[in-house]
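Please treat every number below as a calculation from the coordinates, not as lab data. Worth saying up front: this structure is predicted, and the values here are computed from it rather than measured.
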């Protein structure tokens, strides 16, 4: 949204002195003079490293849970099918 003079949630990765990656979101507002020439910017960076790490952990947990649920349902459905010898004669 540069044309409007505002940028929201632009992701950047920074490398700290220790070599760790820091994930940050950039917010910027561009200020112009009444004549329309560039005057200054107001910017903030928000460290979202922990949020991204937590989201990744939660996403992986959900995927693992869904995979386990699918395996459980598949095994139990197969067991039910193994008990059926003729249509409509399942025990």
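Full-extension gain between residue 41 and residue 65, please, as 0.36 nm times their residue separation minus the C-alpha to C-alpha distance. Show your work: numbers first, answer last.
Details: separation 24, 0.36 × 24 = 8.64 nm, distance 4.57 nm.
Working it through step by step, the gained length comes to 4.1 nm.
So if each residue of separation counts as 0.36 nm, and I subtract the Cα-Cα distance between residue 25 and residue 10, what length gain in nm does that give?
Numbers: separation 15, 0.36 × 15 = 5.40 nm, distance 0.54 nm.
Stretched out fully, the residue 25 to residue 10 stretch lengthens by 4.9 nm.
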